[in-house]
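Data block below; observations after.
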Amino acid sequence: MPLIFHFNEGLGFFASTEPETAEKQLAQLHKLLGPAEEENANPKKIVRGLKNMISKDPLFLRGYALAGQILHDLEEEEQSTEMFNKGCRAGLQLIPEDFAGPLDIENPEVQFFLRCHTGYIESLMEKREYSAALAACRRQLVFDPEDLFARRLELGEICVMAGELENAEAILLSQTEDRGTAWYSLAYLSFIQQRPVEAATRLRRGCLRAPYTIDFLTDRFTSPNLFWERGPQAPVFSESLFYFNSLGGEMWSENHEAHAFMEWLSQTSTALAERAEMVKLSETCFDLTEPGPAELQALQSLWQAVDDESSERLIRRVQDPETCEEIYPWQLLARHHDRMSDDEGCDCGGHHDCDDH
């Protein structure tokens, strides 16, 4: 399907230069995809057919997107990435470099191109090329301001990983109203900037807004809580699971001291008491049609109590029993984890008089 790039009423879109050829190509595509709904459908055969069509038309955006998606579903990630990347490059070569967007999302070719572009971004993140992924995300949001493919969801975290900390702060703060997990990334950002009191406040807020997330991040794998779902501010289980399985979880797991800080704070009496209060509120609301004024006021009071003043009382140094120096409690925890890791595989339970040490 020979394509060109057009403008109409301020929107960019792809159009065929040869309508008759495009019609025949689409008929061939429908014939190829027809068996896909049948039980005996052979997805690899369909991919081969799509690749054959692409070889005849290197601008066949639908072919790249469909082949990439089928290969992704088959968990052939390397081949899937290759198809998305080729489709992305094919579309970009048609779009003028000075194009300021947006694209016409109603145009089918635009939708297939954006699926390829999204796959390209995901491949950059997989390769940890965060600066390039960030630039590609920003370009996609120019193309698609309505964010059909939810690229803004991890934009703050990508900024953190790319070292654009000031931009990350602004983006994440703007997301806190609708996305409880943003508080976790803000806490991480404060921690790596050596602002532990602020980090503690933000992490405590995250634990209240998205309590499932702290369970996932500290390996206390969980399932939806029936009481929380009926509470005054129900957490979204799928949001926490996505955060854990994507860049948020990677961010915390790769910073040893930040992870120890998170684990330590989640086990403090303050954080545990706040969690217990949230559960108590949810239990109270279980038999109610909707939370009443008393429950909403209790929730507001609980939230207001999570501030830097109360966090400052938490962030105090303790004496290192080995060196007698003043250190933070999460540093003790991090060292303990290091020793536990060193002792893995030994049957002595960590006792250093064992012959295995």
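Counting other beta carbons within 10 Å of each residue's own, what order do Asp287, Asp144, Asp215 fall into, fewest first?
Lowest to highest Cβ neighbour count: Asp287, Asp215, Asp144.
Measure nothing fancy, just the Cα-based angle from helix 256-266's long axis to the longest principal axis of the chain, in degrees from 0 to 90, nearest 10.
With rounding to tens, the tilt is 60 degrees.
Any idea what the relative contact order of the stretch 1-83 is, in percent, if you count C-alpha pairs under 8 Å spaced at least 6 apart?
21 percent
Hey, could you get me the Stokes-Einstein D for the stretch 1-149, Kirkwood radius over alpha-carbon pairs, 37 °C and 0.692 mPa s, rounded to whole µm² s⁻¹?
D, rounded to a whole number, is 207 µm²/s.
With the contact rule set at Cα under 8 Å and sequence spacing of 6 or more, what percent relative contact order holds for the chain?
10 percent
Can you tell me what percent of all Cα-Cα pairs in the stretch 171-339 are more than 29 Å apart?
Considering the stretch 171-339, 20 percent of its Cα-Cα pairs are separated by more than 29 Å.
So what is the 222 nm mean residue ellipticity for the chain from helices alone, if each DSSP H run of at least 4 adds -39500 (n - 2.57) and you divide by all residues, rounding to the nearest 500 deg cm²/dmol?
Value at 222 nm, helices only, nearest 500: -19500 deg cm²/dmol.
In a solvent-free Debye calculation with one equal scatterer on each Cα, what is log10 I(q)/I(0) for the stretch 96-187 at q = 0.18, 0.19, 0.25 Å⁻¹, listed in the order of the q values?
-0.83, -0.91, -1.28
Considering the convex hull of the alpha carbon atoms of the stretch 279-335, report its projected area averaged over all viewing directions, in nm², one decimal.
The number I arrive at for the stretch 279-335 is 5.9 nm².
From Cα pairs below 8 angstrom and at least 6 apart in sequence, can you work out the relative contact order of the stretch 159-231, rounded to a whole percent?
RCO, the stretch 159-231: 20 percent.
Excluding same-chain pairs closer than 8 in sequence, count the lysine pairs in the chain whose Cα atoms lie under 24 Å apart.
Number of lysine pairs found: 17.
Once you sort the root eigenvalues of the Cα gyration tensor of the chain as a ≥ b ≥ c, which label holds: rounded (a/c under 1.5), prolate (a/b larger than b/c) or oblate (the other case)?
prolate
We did not get these values from a lab; they are worked out from the coordinates using the rules stated. What you see is a predicted model, and the numbers here were worked out from it, not measured in a lab. Heads up, the Cβs are rebuilt from the backbone with ideal geometry, glycines too, and the neighbour counts pull from every protein chain shown.
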